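Reviewing the structure listed below.
The values are calculated or read from the model by the stated rules, or taken from the named source; none is laboratory data. Remember, it's a predicted structure, so these values are computed and weren't measured experimentally. Counting neighbours? That spans all protein chains shown, and the Cβs are built from the backbone with ideal geometry, glycine included. The area values use the complete protein model at the heavy-atom level, side chains included, leaving out ligands, DNA and RNA. Shrake-Rupley method; radii C 1.70, N 1.55, O 1.52, S 1.80 Å.
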Amino acid sequence: MTDLVTPRLLLRPMTVADAEQVAAGRPADGVRWAPGYPWPGEVAAATRFLETCAATGDPSPFANYGIRRREDGLVIGGVGFHGAPDDKGHVTIGYGLVPSARGMGYASEALRALLRFSRERGVACVHGDTDLDNIASQCVMTAVGMRLVKEDALLKHYRIDWDAPAGSE
């Protein structure tokens, strides 16, 4: 798998070795993590990735990606899929950044890249959710074109749909 590159970010596919490092809370030699990385949600995502790899094999390209700033290579967060597309072509995504990297547009930039990647691979619909009080995440999903489709006692649910893969219109 190749990296996804944006103007300011490098989204690097997570390997089993990367996920083991995140789950253990210690970076590999030569890898620099921003303060606060990994937070519990990122550890949970790495653990889920490891469990998936053990049970059914590497889900790549529908896996997790580390978010690195291109300017300094610092890992500032993660973005990725909760699994491969289902039989309807739907996937669920998640993302997060260390507090020091929030409010700078990095989450929107990373999520746009992941949505473009999804569409180019024939995904019909991308789902995401966020806590009711996570206004910043709600703004990110809205900014990238996702729409609020449901709200329950705990979460707001968003999605974006495409009729055809990118480039086929």
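Regarding the range 87-96, can at least one residue be identified that is under 25 Å from LEU50 (Cα atoms), among the aromatic types (Phe, Trp, Tyr) and in contact with a Ser or Thr (Cβ under 9 Å, 6 or more places away or on another chain)? So far as the range 87-96 goes, yes, one or more of its residues are under 25 Å from LEU50 (Cα atoms), among the aromatic types (Phe, Trp, Tyr) and in contact with a Ser or Thr (Cβ under 9 Å, 6 or more places away or on another chain). When ALA136, ALA84, ALA107 are screened for being touching a Ser or Thr at 6+ places or on another chain (Cβ under 8 Å), open to solvent by 10 Å² or more (accessible area, probe 1.4 Å) and either under 19 Å from TRP39 (Cα atoms) or assigned to a loop (DSSP other than H, G, I, E, B) (or both), only ALA107 passes. So if I check each of GLY41, GLY73, GLY80, GLY66, which one is closer than 24 Å to ARG112 by Cα and out of contact with any strand residue (DSSP E or B) (no Cβ under 6 Å at 6 or more places or on another chain)? Only one candidate qualifies: GLY73. The residue list SER100, SER60 contains one member that is assigned to a loop (DSSP other than H, G, I, E, B) and in contact (Cβ under 8 Å) with a residue 40 or more places away in the chain, which is SER60. Exactly one residue out of GLY66, GLY30, GLY57, GLY78 is more than 20 Å from ARG121 (Cβ to Cβ) and either open to solvent by 50 Å² or more (accessible area, probe 1.4 Å) or among the small types (Gly, Ala, Ser) (or both), and it is GLY30.
When we screen THR47, THR142 for residues that are part of a helix (DSSP H, G or I), touching a Phe, Trp or Tyr at 6+ places or on another chain (Cβ under 8 Å) and open to solvent by 40 Å² or more (accessible area, probe 1.4 Å), the only hit is THR142. Evaluate the range 35-47: report whether one residue or more is touching a Gly at 6+ places or on another chain (Cβ under 9 Å) and either touching a residue at least 60 places away in the same chain (Cβ under 8 Å) or basic (Lys, Arg) (or both). Scanning the range 35-47, I find at least one residue that is touching a Gly at 6+ places or on another chain (Cβ under 9 Å) and either touching a residue at least 60 places away in the same chain (Cβ under 8 Å) or basic (Lys, Arg) (or both), so the answer is yes. For ARG112, the test of being open to solvent by 60 Å² or more (accessible area, probe 1.4 Å), more than 24 Å from GLY89 (Cβ to Cβ), in contact (Cβ under 8 Å) with a residue 24 or more places away in the chain and within 16 Å of the chain's Cα centre (by Cα) is failed.
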